[in-house]
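First the structure, in the form of structure tokens, and then the observations on it.
The values are calculated or read from the model by the stated rules, or taken from the named source; none is laboratory data. Please read all numbers here as calculations on a predicted model, not as lab measurements. Backbone-built Cβ (ideal geometry, glycine too); neighbour counts: all protein chains shown. Please note that ligands, DNA and RNA were not included when accessible areas were found on the heavy atoms of the full protein model with its side chains. Shrake-Rupley method; radii C 1.70, N 1.55, O 1.52, S 1.80 Å.
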Amino acid sequence: MIRLERRPEPSRLWTGVTPVLAVLLTMIVGGIMFAALGKPPLEAIRTIFWDPLFHPQFAGYSRPQLLVKAGPLILIAIGLSIGFRAGIWNIGAEGQYIMGAVCGAAVGLAFYPADSALLFPLMVVAGALGGWAWAMIPAVLRTKFGTNEILVSLMLVYVAENILASASSGWLRNPEGQGFPGSRNFKQWPAVFNDELVAGTGMHWGVVAAFIAVIAAYVLMARHIQGYNVRLTGEAPRAARFAGVSPVRIVFLCLGISGALAGAAGLFEVTGPAGQVSIDFGSGYGFTAIIVAFLGRLNPFGILLAGLLMALTYIGGELAQLMLGLPGASIQLFQGMLLFFLLATDVFTNYRLRFARRETA
Amino acid sequence: MDDTLLRLRGLTKAYPGVVANDDVSFDIGASEIHALLGENGAGKSTLVKMIFGLVQPDKGEMVLEGKPYAPSKPSDARQSGVAMVFQHFSLFNALDVAENVALGMETPPPLRDLARQIREVSEAYGLPLDPRRTVGTLSAGERQRVEIIRCLLQEPRLLIMDEPTSVLTPQEVEILFQTLLKLKSEGTSILYISHKLEEIRTLCDEATILRLGKNVGTCTPRDVTARQMAEMMVGSSFAAPEVRGGEAGDVLLECRALELPAPGAFGTPLRELSLEVRSGEVLGIGGVAGNGQDELLSALSGERLAPAGAIWFKGEDISRKGPVARRALGVLSAPEERLGHAAAPNMSLTENAVLTAARRKELVSGGFIDWAAAKGFAEEVIARFDVRTPGPGVAARALSGGNLQKYVVGREILQDPSVLVVNQPTWGVDAAAAAAIRQALLDLAGQGAAIICISQDLDELMEVSDRFAALNEGRLSRAVPVAELDIEKIGLMMGGAHDMEVAHAAG
């Protein structure tokens, strides 16, 4: 009989091994799934993980995409990971991301066609504030009325999507766009266009912000008393109150940080790679970032790697759709599997298997 | 004694890195109350778990009434007539007594019959208990009766009791002892595990003493002194705390008619609670568990804020100040629950040092934690309080209960408090370490600190306190100098008498 036995301490080895194991298991089961779809499994796996970076024909286009996709994922996941450490489950980063993009873009467009170097930073601030304000709704409801932030933040995503729809087809619509939905294109407005900083790398301001966020989050969580309070709240809420940490403050802090970072990510996206506020600019980064946060073990540097890996599956997935005709949903399944296997193998961090010598039941 | 009920021969059980029981042999006679003594970690629990079928021995054999006995699970043990009352109760608060008893049975009779049986057994053995009461409303002593009656319904040959008196008032202890003696007279044997040497001397016929997993001796408790037994347990003589001669100084901490609603459905409200404690003095607060001990500590630590004007420190109203501000003033506390309240289980000892000592030990500057200083402070606590751990990087949950207790109490004492509030400071700590903690509390008082020691261990309170008060349903009795007390008075102060009438009133 096999039993799970609790470890006296979480295993450091397994903390590092589980993400790798989860990736391997995802490749194996994903390969089986692709085979069942009638596609060559090895080729599909190679197309997803290898070709985006090294394919002689496509890599030139897809390599910069790695940072373009990883940037927002990492930026959002860093914010989420801080809340997750405290046991505050912001599932609505997608909504905060959208609201950040809409608010930031709206502030910028109000000054169209100004040509000031201050305008872009102002838009970033407005974007972060938009995301922050959207995250304050679940924060206030939780602290005042004890609602569940998971449900509230998630449902606010759908509200945000409707606001986005009305903005892109209504009050933010490009007046010179012949009635097509979508705002003015920022790519044609050099003062605010969030272009590549180094040509051919995909590195834009959002990616820079993501890297800064990784380092800042590391310092916050490892060295700063607020980061300590956040971890303490997640580990032992009663001990945190005993230490003098206000649970209300932690809720506002965590939801505030994750909302602001998601909002900033949204603004970087609409002014850069997406180019305009449109109904479908989001690509679900806010949800995928949840996977990234867990895949990275809620550790800032882990999230950096996980964000790059997840970006790879995005690009590789698109490539696989193009080259092998894999359905788009199978790529989402593939990403979902990654989280599933991570959570499943995670058991071994805190437990070990025991093979009982004698049947006792 | 030639008529032996249970014979243990060479029982050995090793866990990775530690031999819990090493070649333990002894006999439990029929109709005998047999004490099992030992410090924490001496291997008492492992031994009892083997007898009850929760753990299988690596080596050795057991013989029950002349037949080989090797239970592989607790239900085997129960069928062979072995029953056990655990130290921690496994009862459901929201269910009534009869329902709780039924849940522990393999084939429970209809609830009405069961309720009748419970009433019969409870009257036969002098254990007043109403089968229809909801368990959540019962005192710790009454909950224990539920567990005992659950066992007695199986008519056991051997009843194992793990530290049964740790949660009882003196009167409740008296009732329990009468029950046990009655059981004994009917031919039931009892294996009685306890730290309390005096009660073993009054109750038990034989005692087996374990030290580091080995049987170090058997004695007849009536023929030896408590001190001799303690020395067998510890393996060397240990020092009783020194009495200090200091005079009490100014009032440092004061509660004026503190009122605080209950924190939850099964919590206790604090009612018009007044106390004062002076520099150099230890105020002992006794009472049966669940009468407001946790709530009082939370109110004094600042975890729950009190109404303005209720709590005063050196003439300053601190009722509305949180834990951080109170610590800054020098009002420190150590809660009862070590894991999850006094310490975060998955965090290292170094990280747990920051939990309360951040301000007073200057472990944080400009918002940034000085991990080197935190580690240094953790190491100081470990060294000064003899915490057995590989180092300060170990997670709190990896420490044994007694060692973690030394750590969390030591962490507060070494911060040089003006007022220290401790709840159950030596709960689950072995005799030598408990003596060390008590001595440290007395030394602290000797240096001019005011100490409030909340405890359910009356011996401990008598040993350390200058004055004694008792909590009962969130009310605190007037504090009385310890010299004027006897056990009868203490029992009345603890108000245990009220719940002895329940069965008669309801029946």
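Among the residues of the range A:176-210, those that are free of Cβ contacts under 8 Å to residues at least 24 places away in the same chain and either more than 21 Å from A:Tyr112 (Cα to Cα) or in a helix (DSSP H, G or I) (or both) comprise A:Gln188, A:Leu197, A:Val198, A:Ala199, A:Val208.
Of all residues in the range B:322-342, those satisfying the criterion of being part of a loop (DSSP other than H, G, I, E, B), on the phi < 0 side of the Ramachandran plot and touching a Phe, Trp or Tyr at 6+ places or on another chain (Cβ under 9 Å) are B:Pro335, B:Glu336, B:Arg338, B:His341, B:Ala342. Residue-level analysis places B:Met62 among those that are surrounded by fewer than 21 Cβ atoms within 10 Å (Cβ to Cβ) and either part of a strand (DSSP E or B) or in contact with a strand residue (DSSP E or B) (Cβ under 8 Å, 6 or more places away or on another chain) (or both).
Looking only at residues of the range A:222-242 that are farther than 30 Å from B:Glu336 by Cβ and part of a helix (DSSP H, G or I), we find that the one that is nearest to the other protein chains (Cβ to nearest Cβ) is A:Arg223.
Quick check: anything in the range B:47-57 in contact with a Gly (Cβ under 7 Å, 6 or more places away or on another chain) and in the same structural domain as B:Ile200 (by TED's automatic domain parsing)? No - not one qualifying residue is present in the range B:47-57.
Of B:Phe52, B:Phe26, all but one fail to be open to solvent by less than 20 Å² (accessible area, probe 1.4 Å), hydrophobic (A, V, I, L, M, F, W, C) and away from chain A (no Cβ under 14 Å); the exception is B:Phe26. Within the range B:343-392, the set of residues being at positive phi and either open to solvent by 60 Å² or more (accessible area, probe 1.4 Å) or of a type in the set (D, E, K, R) (or both) comprises B:Glu362, B:Gly366, B:Asp386. Total residues in the range B:48-59 satisfying the condition of being in a loop (DSSP other than H, G, I, E, B), out of contact with any Asp or Glu (no Cβ under 8 Å at 6 or more places or on another chain) and not acidic (Asp, Glu): the figure is 5.
Taken as a whole, the structure places A:Leu295 among residues that are among the aliphatic types (A, V, I, L, M) and either more than 27 Å from A:Met221 (Cα to Cα) or buried (at least 21 other Cβ atoms within 10 Å of the Cβ) (or both). Put simply, of B:Gly309, B:Gly264 the only residue that is more than 14 Å from every other protein chain (Cβ to nearest Cβ) and not hydrophobic (A, V, I, L, M, F, W, C) is B:Gly309.
In the set (1) closer than 22 Å to B:Ala42 by Cβ; (2) free of Cβ contacts under 8 Å to residues at least 12 places away in the same chain, the condition left unmet by B:Gly376 is number (1). Among the residues of the range A:188-232, those that are hydrophobic (A, V, I, L, M, F, W, C) and farther than 25 Å from A:Leu298 by Cα comprise A:Trp189, A:Ala191, A:Val192, A:Phe193, A:Leu197, A:Val198, A:Ala199.
Per-residue answers, yes or no, for (1) of a type outside the set (A, V, I, L, M); (2) assigned to a helix (DSSP H, G or I):
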{"position": "A:Glu9", "(1), (2)": "yes, no"}
{"position": "A:Trp14", "(1), (2)": "yes, yes"}
{"position": "A:Leu24", "(1), (2)": "no, yes"}
{"position": "A:Ile32", "(1), (2)": "no, yes"}
{"position": "A:Ala35", "(1), (2)": "no, yes"}
{"position": "A:Lys39", "(1), (2)": "yes, no"}
{"position": "A:Leu42", "(1), (2)": "no, yes"}
{"position": "A:Thr47", "(1), (2)": "yes, yes"}
{"position": "A:Pro64", "(1), (2)": "yes, yes"}
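Summed over the range B:343-367, the residues that are facing chain A (nearest Cβ under 7 Å) and either closer than 27 Å to B:Gln456 by Cα or assigned to a helix (DSSP H, G or I) (or both) give a count of 6.
In the range B:402-419, the residue that is most open to solvent (accessible area, probe 1.4 Å) out of those that are within 13 Å of chain A (Cβ to nearest Cβ) and of a type outside the set (Lys, Arg) is B:Asn403. Report yes if some residue within the range B:308-319 is without any contact (Cβ under 8 Å) to a residue 60 or more places away in the chain, at positive phi, open to solvent by 10 Å² or more (accessible area, probe 1.4 Å) and part of a loop (DSSP other than H, G, I, E, B); otherwise report no. There is at least one residue in the range B:308-319 that is without any contact (Cβ under 8 Å) to a residue 60 or more places away in the chain, at positive phi, open to solvent by 10 Å² or more (accessible area, probe 1.4 Å) and part of a loop (DSSP other than H, G, I, E, B).
Taking residues in the range A:222-245 that are free of Cβ contacts under 8 Å to residues at least 40 places away in the same chain, and partners anywhere that are open to solvent by 10 Å² or more (accessible area, probe 1.4 Å) and hydroxyl-bearing (Ser, Thr, Tyr), the pairs with Cβ atoms closer than 7 Å and at least 6 places apart or on different chains are A:Ala240/A:Thr233; A:Val245/A:Thr233. Looking across the range A:110-153, the residues that are surrounded by 14 or more Cβ atoms within 10 Å (Cβ to Cβ), without any contact (Cβ under 8 Å) to a residue 40 or more places away in the chain and closer than 30 Å to A:Asn194 by Cα come down to A:Phe111, A:Leu122, A:Val125, A:Ile137.
Every condition in (1) at the interface with chain A (Cβ under 8 Å from one of its Cβ atoms); (2) open to solvent by 10 Å² or more (accessible area, probe 1.4 Å) holds for B:Pro335 except the one numbered (2).
A quick yes/no check of all residues on (1) modelled with pLDDT under 90; (2) among the aliphatic types (A, V, I, L, M); (3) surrounded by fewer than 23 Cβ atoms within 10 Å (Cβ to Cβ):
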| residue | (1), (2), (3) |
| --- | --- |
| A:Ser258 | no, no, no |
| A:Phe268 | no, no, no |
| A:Phe334 | yes, no, no |
| A:Leu339 | yes, yes, yes |
| A:Val347 | yes, yes, yes |
| A:Tyr351 | yes, no, yes |
| A:Arg354 | yes, no, yes |
